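First comes the structure, then the notes that go with it.
The values are calculated or read from the model by the stated rules, or taken from the named source; none is laboratory data. Fair warning: this is a prediction, and the values are worked out from it, not measured in the lab. Methodologically, a virtual Cβ is constructed for each residue, glycine included, from the backbone with ideal geometry; neighbour enumeration extends over all protein chains shown. The area values use the complete protein model at the heavy-atom level, side chains included, leaving out ligands, DNA and RNA. Shrake-Rupley method; radii C 1.70, N 1.55, O 1.52, S 1.80 Å.
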Amino acid sequence: MKAINIVKYVFTVIGIGMLVGAFFAFQSTNSFLQNATETQGIVIQMLESSSSSSSDNSITYKPVVEFTDKNGEQFQFTSTVSSNPPSYSINEKVDVIYNPDAPNKAKIKGFFSLWGLSTILGGIGLIFTLIGVGIIASGLKKKNYITILSSTELR
């Protein structure tokens, strides 16, 4: 019984923490988009990335994109999002979003590249929070039910 008391608060705190993280990730992306400029880029390379935490040593691929900013200067960046199978192929044209003041921090214009972190944190955070709050509410409801029963027995 004591373990459930710890679990309900751990789940709730972790869930709320993840929801706060999702909010800040959302705000960061939203701020980035308000100052961003869009252009076309081309995938020039696919970097292999192996996950050391995975037991199957799976390989994922991150696109390296080259684009020219509005001043005619060329930049390259490696996407923070990797996948298997690869989401892009070499020489594929992609839409690029970048801040003119920091073109080296560009991103591919795609849902997961822009909103993936906030979506994942928000989804998992919501599940953890609901489980924790559900356990807490269930305990309170049970406690109220027992109180009601014992008060009716006293009469």
Cα gyration tensor of region 74-141 - equivalent ellipsoid semi-axes, whole Å, descending: 39, 15, 7
Per-residue HN-Hα couplings for region 112-123 [Karplus 6.51, -1.76, 1.60; θ = phi - 60°; Hz; x = Gly/Pro]: 5, 4, 8, 10, x, 4, 5, 5, 5, 4, x, x
Surface accessible to a 1.4 Å probe, residue 130 within the full protein complex, Å²: 110 Å²
Rel. contact order, % - alpha carbon contacts under 8 angstrom, at least six apart, the chain: 31 percent
Structure-based [θ]222 nm, the chain - -39500 (n - 2.57) summed over DSSP H runs of at least 4, per residue, nearest 500: -18500 deg cm²/dmol
Two-decimal log10 I(q)/I(0) for region 1-45, as the Debye equation yields it once each C-alpha is a single scatterer, q = 0.20, 0.33 Å⁻¹: -0.76, -1.03
Largest-first ordering by accessible area, 1.4 Å probe, given options 107, 70: 70, 107
Heavy atoms of residue 10 accessible to a 1.4 Å probe, total area in Å² rounded to 10: 70 Å²
Solvent-accessible surface (1.4 angstrom probe) belonging to residue 48, in square angstrom, nearest 10: 130 Å²
Solvent-free Debye scattering, log10 I(q)/I(0), computed from the Cα coordinates of region 5-95 at q = 0.10, 0.22 Å⁻¹: -0.45, -1.07
Cα convex hull volume per residue for the chain (Å³): 149 Å³
Dipole axis of region 1-81 (+1 Lys, Arg; -1 Asp, Glu on Cβ), positive-most option in 18, 61, 44: 18
